[in-house]
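Notes for the one structure printed next.
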Amino acid sequence: MIGIAHEVGRTQIAAGSLHHTLVLESSVRWRAEVRELDGDPLVLMWATPADGSGPEAVEDVLRAETADGGITRLRWYYFCPDVLAEVGGRLGVPVRTHGHVV
């Protein structure tokens, strides 16, 4: 995650950010969607509170770099409210910035 974590390799990433977000965070149901912005693919991470207390919204944006058919780098923008707001505004989707001020 930009400015928060640096994970290298499949094992470290699977046990780190991905595990925390998709396995340990049981208060949220996640859905991923690939969208294009300025010719670049982005992964929008849609979240819905598991208790039904709020609507679905984009809570994270990922950019992936690839080479030789594999992912070489993931950039997570969960803690970047300005990026979330910009992407959400340009794509016309709702976002949640986790209390961070834009």
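In the stretch 56-69, the residue that is surrounded by the fewest Cβ atoms within 10 Å (Cβ to Cβ) out of those that are out of contact with any Ser or Thr (no Cβ under 7 Å at 6 or more places or on another chain) and either within 22 Å of Val28 (Cα to Cα) or of a type in the set (D, E, K, R) (or both) is Asp68. As a summary of the residue check, Thr72 satisfies the conditions (1) exposed (fewer than 10 other Cβ atoms within 10 Å of the Cβ); (2) under 20 Å from Glu7 (Cα atoms); (3) in contact (Cβ under 8 Å) with a residue 24 or more places away in the chain except for the one numbered (3). Residue count for the stretch 78-100 satisfying the condition of being modelled with pLDDT under 90 and closer than 21 Å to Pro49 by Cβ: 6.
Among what's in the stretch 22-52 and is touching a residue at least 40 places away in the same chain (Cβ under 8 Å) and not charged (D, E, K, R), pick the residue that is farthest from His98 (Cα to Cα). Filtering the stretch 22-52 for residues that are touching a residue at least 40 places away in the same chain (Cβ under 8 Å) and not charged (D, E, K, R), the one farthest from His98 (Cα to Cα) comes out as Leu37. Contact map, the stretch 82-96: residues that are touching a residue at least 24 places away in the same chain (Cβ under 8 Å) paired with residues that are among the acidic types (Asp, Glu), Cβ distance under 7 Å, separation 6+ or inter-chain. Pairs shown: Arg96/Glu59. Kindly check whether there is at least one residue in the stretch 53-74 that is under 11 Å from the mean Cα position of the chain (by Cα), under 20 Å from Gly99 (Cβ atoms), part of a strand (DSSP E or B) and at pLDDT below 90. Scanning the stretch 53-74 turns up no residue that is under 11 Å from the mean Cα position of the chain (by Cα), under 20 Å from Gly99 (Cβ atoms), part of a strand (DSSP E or B) and at pLDDT below 90.
The values are calculated or read from the model by the stated rules, or taken from the named source; none is laboratory data. These numbers were taken from a predicted model, which means no experiment stands behind them. Glycine gets a Cβ as well: all are built from the backbone with ideal geometry, and neighbour counts include every protein chain shown.
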